[in-house]
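Below you'll find the structure, written out as structure tokens, and then a few comments.
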């Protein structure tokens, strides 16, 4: 049975059964600024949505009044930051697992204050929360939220959305909302060991590969989307990304980042690559170039070489390991 949690006026409470929750906030006036969450949801949602999903009959189920167990406070500003969960659970480890499972999805909340508070709570619960099974259970939610930051030009349905998209891409400020969300989610994922090897991360590869070729003209002339896609592909280490990354090396605007990502993917997946792909890397006789711009107002563009000898060496080592001529 699903367990529901409430966020109301800086307080987290729960868990509640569905019918208990529906009865608690039956009066519409009591729902102001109330949000709910259950396992599988990316973030807390307006509780009115819950009432739209369930008929009135469910609110009238013959159940006992809310117990002290379900009204236990998970967090309040006046409580110790380590949390004071009092509902029934078998031991401290079980209680911590429940709390971690609840707070991990909040690391992808669109509100930066919610994200940062969730991170603080997780560190208070367990500094090594990322190594727990509850944290790994939250990886699909975090990856889904991370991919949602990669909205492409083609996904914009109106002229206003396309204009806004270009403006966001042109924002180089490190603290714009979209960049902050992306960085916070990636930081959270990096606390979870080997998250890139999980099925949810591997399943993201087909969505990330096309972004390496996202048109910069339609991005407002920037390379933000392409560089971020390469950055995540490096963490996932999926062999399917090798050939697209090799092709992307020809793009001087992102060559340096792509070479770095390709190196990490090769380290992770060299043993699964075909001989043809390895030979294409080992026989590259030239370095790629990257674009470099002056810092003055002229924005003068020059080309500088990117050393790819380490890529060739790694490919040759793998060929030799297989008993083939490098």
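Each reported figure results from applying straightforward, stated rules to the coordinates on display, with no laboratory input. Remember, it's a predicted structure, so these values are computed and weren't measured experimentally. Virtual Cβ from ideal backbone geometry, glycine too; neighbours counted across all protein chains shown.
At-a-glance table
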{"read-out": "Estimated FRET transfer efficiency (residue 276, residue 148; beta-carbon r; R0 41 Å; 0.05)", "value": "0.70"}
{"read-out": "Pairwise label distance in nanometres, residue 187 with residue 283, each label 7 Å out on the Cα-Cβ vector", "value": "4.6 nm"}
{"read-out": "Cβ-derived FRET efficiency at R0 51 Å, residue 321 paired with residue 111, nearest 0.05", "value": "0.55"}
{"read-out": "Simple spin-label estimate for residue 240 and residue 41 in nanometres, 7 Å along Cα-Cβ", "value": "3.1 nm"}
{"read-out": "Burial ordering of 122, 273, fewest other beta-carbon atoms within 10 Å first", "value": "273, 122"}
{"read-out": "Cut-off 18 Å, label 7 Å out along Cα→Cβ of residue 307, residues of segment 224-260 by amide N", "value": "255-260"}
{"read-out": "FRET efficiency for residue 54 and residue 199, using Cβ-Cβ distance with R0 set to 35 Å, rounded to 0.05", "value": "0.65"}
{"read-out": "Taking 214, 257 and counting other C-beta atoms within 10 Å, the order from fewest to most", "value": "214, 257"}
{"read-out": "Percent breakdown of C-alpha pair distances by 10 Å bin, ordered from the shortest bin, for segment 179-274", "value": "16, 50, 30, 4"}
